[in-house]
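Undergrad: Below are the structure tokens for one structure; questions will follow.
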Amino acid sequence: QPELSGDFATLMGWADSLRRMKIRTNAETPLDARTARKFGAEGIGLSRTEHMFFDPDRILAVREMILAENEAGRRAALAKLEPFQKKDFVELFTIMSGLPVTIRLLDPPLHEFLPNTEAEMAEVAKATGTDQLKVNHRVVQLHEANPMLGHRGCRLGITYPEIYEMQARAIFSAVAEVSKTTGETVMPEVMIPLIVTKKELDILKAVIDRVAKEVMDSTGVTFEYMVGTMIELPRAALKADEIAETAEFFSYGTNDLTQTTFGLSRDDAGAFLPEYQRQGILEHDPFQTLDQDCVGELIAIATERGRKVRPNIKLGICGEHGGDPASISFCEKVGLDYVSCSPYRVPIARLAAAQAALDADTVKRD
Ligand code: PEP
Ligand code: MG
């Protein structure tokens with residue numbers, strides 16, 4: 001386990017005394033969460049729950065859930081996954097001991113969860129007692145030409161609300177358990193991915209609120225929580241005022257926001273981006289350094305519109321740019337509350353946030 005010590009720790013302390021923005025981490029495993037805390041993370045800004053499902057002891061149930069032909073089939077598979085999810089959240093809340101934890105509900109590019117081989121399809125058929133031809137047919141049915149723009153994020157929650165219902169129950173049961181055993185206040189922030197309309201958020205927030213109430217009633221533990229959204233598509237940025245009527249926080253997902261603003265695939269850009277940089281068409285790789293001109297303008301617009309409707313809306317960034325010093329400087333100028341980055345970038349982010357506060361003259365004075 002890494003540790004910051006000696007002169008480096010002193011330097012970081014000086015940086016912390018200057019910076020205004022909080023530094024959180026992107027983490028879904030206990031190891032990442034612990035590492036990030038040792039590096040000084042002040043919470044989790046993004047926990048990608050889909051990453052929790054690739055474990056060999058869970059992926060079969062995930063496939064059963066995705067391939068199920070009806071709600072009863074999905075619920076049966078979700079019931080197998082729920083104890084795993086609850087355990088994941090108990091661990092994260094315990095490690096973060098009272099710091100804020102943003103948990104993003106499932107956002108899978110669907111193809112990553114589908115069985116790929118005959119053997120994997122046979123496994124699903126056996127587990128569900130289904131004819132294998134039926135399973136094969138369902139896989140073909142679910143195939144998408146463009147999964148990154150397809151049945152992802154909240155779209156999955158809208159079509160199959162029982163998925164988000166299970167995740168919300170796992171989150172809130174974990175909150176109740178950790179509050180009871182540690183006596184600490186746990187403050188989860190439930191985050192919905194890929195929102196483009198307020199209506200989507202309203203529908204899904206209603207599911208989350210209902211489940212929160214059910215868990216409070218059944219456990220006798222009352223707790224607070226927030227419901228917010230990723231802003232990661234240009235339409236959501238432009239509609240931030242409407243969305244802020246429901247969302248209590250925004251987290252800028254600059255990976256998808258860059259992809260969709262440029263119309264540039266995150267997965268395929270490597271084939272030609274170096275040539276674009278060589279010819280001077282793009283100065284930087286926009287997936288590494290925020291394109292302040294346009295992606296930045298969308299963030300600035302969303303920030304202004306969101307704050308107009310909800311002046312205290314909590315604002316952060318959780319795309320890759322949250323760990324890049326030039327992008328962090330932009331986040332300071334636009335007035336975000338925190339940046340969230342991978343664990344090993346937390347120290348850099350602490351320094352960059354301090355430098356950004358000095359440059360913008362927003363240094364903490366307390
Ligand atoms: C993003 O889009 O910036 C983001 C953080 O979400 P993901 O990378 O998981 O799509
Ligand atoms: Mg995204």
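The values are calculated or read from the model by the stated rules, or taken from the named source; none is laboratory data. Note that this is a predicted model, so its numbers are computed, not measured. Cβ: placed from backbone, ideal geometry, glycine included. Neighbour counts: every protein chain shown. Accessible surface is based on the protein model in full, side chains and every heavy atom, while ligands, DNA and RNA are left aside. Shrake-Rupley method; radii C 1.70, N 1.55, O 1.52, S 1.80 Å.
Undergrad: Can you give me the long-range amide H partners of Tyr252? Hydrogens built in the peptide plane at 1.01 Å from N, cutoff under 5 Å, separation of 5 or more residues or another chain.
TA: Hits under the 5 Å cutoff: Ile231, Gly316, Ile317, Cys318.
Undergrad: Considering the convex hull of the alpha carbon atoms of region 102-238, report its projected area averaged over all viewing directions, in nm², one decimal.
TA: For region 102-238, the mean projected area of the Cα convex hull comes to 10.3 nm².
Undergrad: As an exercise, find the ratio Rg/Rh for the chain from alpha-carbon atoms, using the Kirkwood inverse-distance average for Rh.
TA: Answer for the chain: 0.98.
Undergrad: Given a cut-off of under 8 Å on Cα pairs at least six residues apart, what relative contact order in percent is computed for the chain?
TA: 22 percent
Undergrad: Specify, per residue and in Å³, the volume enclosed by the convex hull of the alpha carbon atoms belonging to region 1-159.
TA: Considering the Cα atoms of region 1-159, their hull volume per residue is 146 Å³.
Undergrad: Rule-of-thumb check for region 87-159: C-alpha Rg over 2.2 N^0.38 Å?
TA: After normalising by residue count via 2.2 N^0.38 Å, the value is 1.49.
Undergrad: Once fully extended, how much extra length lies between Phe262 and Arg278, figured as 0.36 nm per residue of separation less the alpha-carbon to alpha-carbon distance?
TA: Separation in residues times 0.36 nm, less the Cα-Cα distance, equals 3.9 nm.
Undergrad: A follow-up question, please. Contact order normalised by length for region 154-294, with contacts defined as Cα pairs under 8 Å and 6 or more residues apart; what percent is it?
TA: Once normalised by length, the contact order is 22 percent.
Undergrad: In Å², what does the accessible area per residue of the chain work out to with a 1.4 Å probe?
TA: For the chain, the per-residue accessible area is 43 Å².
Undergrad: Could you work out what % of the accessible surface of region 1-145 is carbon and sulfur, using a 1.4 angstrom probe and leaving DNA, RNA and ligands out of the count?
TA: Carbon and sulfur: 56 percent of the exposed surface of region 1-145.
Undergrad: When the Cα centres of region 158-209 and region 275-353 are compared, how far apart do they sit, in Å?
TA: Taking the Cα centre of each part, region 158-209 and region 275-353 sit 26 Å apart.
Undergrad: If we count every other residue with Cβ under 12 angstrom of His51's Cβ, Lys/Arg +1 and Asp/Glu -1, where does the sum land?
TA: So the environment of His51 carries a net charge of -4.
Undergrad: Per the helix-only calculation at 222 nm, which mean residue ellipticity applies to the chain, given -39500 (n - 2.57) for every DSSP H run of n ≥ 4 and division by its residues, nearest 500 deg cm²/dmol?
TA: Helices in the chain give a 222 nm mean residue ellipticity of -17000 deg cm²/dmol.
Undergrad: Which of the chymotrypsin sites (Phe, Trp or Tyr not before Pro) across region 39-95 are loop residues per DSSP, with 16 or fewer other Cβ within 10 Å?
TA: Passing both the DSSP loop test and the Cβ count: Phe54.
Undergrad: For region 273-284, what does the Karplus curve 6.51 cos²θ - 1.76 cosθ + 1.60, with θ = phi - 60°, yield as ³J(HN,Hα) per residue in whole Hz, taken in order and with x for Gly and Pro?
TA: 4, x, 5, 4, 6, 4, 7, x, 6, 10, 6, 10
Undergrad: Under a point spin-label approximation (7 Å from Cα along Cα-to-Cβ), what is the Ala145-Arg58 distance to one decimal in nm?
TA: 3.3 nm
Undergrad: Under 19 Å from a label point 7 Å along Cα→Cβ of Lys134: give me every residue in region 62-82 with its amide N that close.
TA: Counting only backbone N, you get 62-79.
Undergrad: How large is the translational diffusion coefficient of region 1-76 in µm² per second when you combine the Kirkwood radius over alpha carbon pairs with Stokes-Einstein at 10 °C and 1.306 mPa s?
TA: 103 µm²/s
Undergrad: Moving on. Return the Rg/Rh value of region 300-366, two decimal places, where both radii are evaluated on C-alpha atoms and Rh is the Kirkwood radius.
TA: Rg divided by Rh gives 0.98.
Undergrad: Continuing with the same structure: Would you pull out the residues with amide H under 5 Å of Ile44's amide H, same chain only if 5 or more places away, H placed 1.01 Å from N?
TA: Thr25, Val101, Thr102
Undergrad: Just add up the charged neighbours of Leu133: K/R +1, D/E -1, any other residue whose Cβ is under 14 Å from the Cβ of Leu133.
TA: Counting the neighbours of Leu133, the net charge comes to 0.
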